[in-house]
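J.: Have a look at this one before I ask anything.
No lab work stands behind these numbers, since they all come straight from the coordinates. The model shown is predicted, which means the values in this text are computed figures rather than measured ones. Methodologically, a virtual Cβ is constructed for each residue, glycine included, from the backbone with ideal geometry; neighbour enumeration extends over all protein chains shown.
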Amino acid sequence: MTIVEVTIVLTVAAILSAAAAPIASRTLDRARLARAVDDTRAIKTAVDSFINEFAGFTPFTTTGVNGGATVQMLVSDGDTPRTLGAGGAAQWDDPVNPAAAQPVDFLERHLVTNTPGGGGAYTTGGGNPWRGSYITAPIDSDPWGNRYAVNTLHLRSTTTNDVFVLSAGPDEEVNTAFTVNGATPGADDIIAVVRRDPGRTVP
């Protein structure tokens with residue numbers, strides 16, 4: 001092959017690669033969004049299954065029993081996404097700390113391993129025991145490397161705030177308020193609603 005022919009072949013290959021790149025990128029973006037939607041729905045289903053057994057124990061406390069602090073938020077593994085400075089989203093970036101005044105704990109401890117707070121346990125005997133695991137471990141980060149989060153605090157309050165599973169989405173910034181009634185995803189956030197029933201509390 002002459003230098004001219006090689007140059008032509010390389011030029012055509014470069015043009016085809018440049019044309020294919022946006023298509024590949026869009027396909028990858030759609031796949032990531034689909035996975036995030038599936039993940040939030042799976043976590044929602046696990047939380048639903050868990051709280052349907054609350055007659056036998058007190059759900060989402062740092063010890064697994066009455067007297068343990070109510071868990072404000074449950075999260076998966078992953079980085080902590082950015083949050084808006086206003087609009088009530090600030091609590092989404094609280095660090096995991098079961099000993100905090102408003103505890104944040106890992107989803108797996110409550111839904112998979114039965115070690116709330118890192119050392120407690122829900123009852124596994126009696127008429128309404130903990131029957132986990134409620135979801136397959138590990139509960140990984142979202143497709144952009146950030147954690148999923150559930151504002152479980154509102155399951156045990158009489159406020160009119162929704163409870164939902166949230167991913168910060170492609171922009172990696174939470175734009176949905178932590179305390180909200182009638183939750184809809186802010187910007188490109190991805191949510192799966194666990195409960196819209198103002199005033200009904202889980203014991």
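J.: State all residues of the stretch 178-203 that are touching a residue at least 60 places away in the same chain (Cβ under 8 Å) and more than 30 Å from A55 (Cα to Cα); if no residue qualifies, say none.
T.: Filtering the stretch 178-203 for residues touching a residue at least 60 places away in the same chain (Cβ under 8 Å) gives 178-180, 186, 190-194, 202-203.
Within the stretch 178-203, G186, I190 meet the criteria.
J.: Out of the residues in the stretch 148-176 meeting the condition of being of a type outside the set (S, T, Y) and out of contact with any helix residue (DSSP H, G or I) (no Cβ under 9 Å at 6 or more places or on another chain), tell me which one is nearest to R30 (Cα to Cα).
T.: So the residue we want is D171.
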